[in-house]
1. Taking a probe of 1.4 Å, how large is the accessible area per residue of region 176-239, in Å²?
2. Taking the Cα centre as origin and putting +1 on Lys and Arg beta-carbons and -1 on Asp and Glu beta-carbons, what dipole magnitude results for region 211-365, to the nearest 20 debye?
3. What are the principal axis extents of the Cα atoms in region 321-363, in Å, biggest first?
4. For region 21-33, just list the computed ³J(HN,Hα) in residue order, Karplus coefficients 6.51, -1.76 and 1.60, θ = phi - 60°, integers in Hz, with x standing in for Gly and Pro.
5. Counting only protein chains, not ligands or nucleic acids, how are Glu116, Glu366, Glu331 ordered by accessible area (probe 1.4 Å), most first?
6. Report the local net charge at Arg376: Lys and Arg +1, Asp and Glu -1, summed over other residues whose C-beta lies under 9 Å from its C-beta.
7. Which of the peptides 275-285, 296-306, 23-33 is most tightly packed, and how do the rest follow, judged by the mean count of other Cβ atoms within 10 Å per residue?
8. With a 1.4 Å probe and every protein chain left in place, work out the accessible area per residue of region 1-102 in Å², rounded to a whole number.
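The values are calculated or read from the model by the stated rules, or taken from the named source; none is laboratory data. Quick caveat: nothing in here was measured; it's all calculated off a predicted structure. All Cβ positions, even for glycine, are placed from backbone atoms using ideal geometry, and neighbour counts span all protein chains on display. The accessibility values were calculated without ligands, DNA or RNA, using every heavy atom of the protein model including side chains. Shrake-Rupley method; radii C 1.70, N 1.55, O 1.52, S 1.80 Å.
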Amino acid sequence: MNEVVPFSPDVAHQRAVFPDGLLLDSGATIAPLIVAYETYGTLDATRGNAVLVCHALTGDQYLAGRHPVTGRPGWWEAVVGPGLPIDTDRFFVICANVLGGCMGSSGPREEMTDAEGQPLGRPWGTDFPSVTIRDMVRAQKRLVEHLGIDRLLAVVGGSMGGMQALQWAATYPEAVFACAPIATAAHHSAQNIAFHEVGRAAIHADPDWCGGAYWRKGRLPAQGLSVARMVAHITYLSESALTRKFGRRLQGAKAVTFLEDVFAVESYLRHQGSTFIRRFDANSYLTITRAMDYFDLAADFDGDLSQAFRGTPTRFFLASFSSDWLFPTAESRAITRALNRAAARTSFIEIASDKGHDAFLLDEPEFHAALGGFLRGAADAAGA
């Protein structure tokens with residue numbers, strides 16, 4: 001069944017509700033399973049033009065159009081829309097808030113249920129079970145089936161969204177005609193796990209953390225969540241981008257006086273942190289970062305990534321960015337080599353850019369042209 005429910009007094013999300021719930025990799029069951037989502041474009045008569053876009057860590061289902069909480073443009077407005085690489089004049093685009101998220105899907109912020117799925121009148125909070133990228137994909141599969149779609153024309157995603165795209169192709173190869181994992185990896189590196197742990201430690205150290213039950217006292221671990229966002233945001237940019245945008249310029253001062261001077265880059269990071277806490281939940285941040293850290297697509301195949309895609313009918317397009325040190329090009333090349341060993345139909349491009357990991361979200365004409373060409377080619381081949 002479908003329902004529209006309030007996120008805040010003036011915001012509502014479109015959601016699909018599955019009373020039977022979802023069995024997670026951890027062995028726990030979430031019932032009912034709730035998946036919040038947005039769609040763009042029109043599903044054609046054959047239901048063959050659907051493109052699922054998977055969002056990154058701090059994204060959500062609002063990839064195009066105005067965000068209902070922040071009022072800002074959707075996070076992928078440069079890519080999704082009429083005549084754009086993911087062309088809503090041709091494709092029916094779906095984007096779901098991930099399991100564990102905080103924009104309407106089942107997650108720590110939603111009402112907790114008991115083993116029979118009965119509401120308990122309080123948020124899940126830290127009692128929300130651990131989830132994996134595969135759990136997120138299983139929830140999305142329920143939504144896709146709910147929408148009457150047997151096979152997706154394509155699954156596209158960057159960063160954590162790329163992990164989901166890879167998991168889709170590995171878990172449901174017959175349901176994915178084309179797959180575009182962007183600026184991603186087949187497992188999270190030790191360095192990336194380390195950065196996530198710093199963010200989690202900042203949240204845990206906040207005096208308003210209250211053991212994760214901050215909602216009981218009407219509090220928010222704002223300082224810790226803000227610091228977590230600041231640390232993460234540094235990893236999304238390159239040194240060249242930071243130097244080009246900020247250098248050593250001061251914000252509101254002409255010279256260093258050793259008082260309360262703020263470098264422009266400091267002001268920028270503080271702004272990122274302060275705006276983030278208005279739209280994201282700390283317990284969701286902990287849940288989703290752990291899901292990324294757990295991700296290792298080759299683990300179920302004795303460390304051989306190619307076995308995850310052996311005999312796959314899916315065609316692949318991988319893209320990386322030269323200055324991305326969070327998910328460097330070497331990670332995409334490793335996936336490409338594994339796909340080649342699996343005899344999968346694969347193309348790969350590295351985009352020269354100084355914008356770092358965030359480049360996939362920004363104005364990168366070469367990347368946009370390559371992604372759009374791949375999707376048009378896939379649609380032509382699939383007769384969509």
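1. Accessible area per residue, region 176-239: 40 Å².
2. 480
3. 33, 18, 14
4. The phi angles translate into x, 9, 7, 8, 4, 6, x, 7, 10, 9, 9, x, 8 Hz.
5. The ordering from most to least exposed comes out as Glu116, Glu366, Glu331.
6. Taking every other residue near Arg376 into account, the sum is -1.
7. Final packing ranking: 275-285, 23-33, 296-306.
8. It amounts to 39 Å² per residue over region 1-102.
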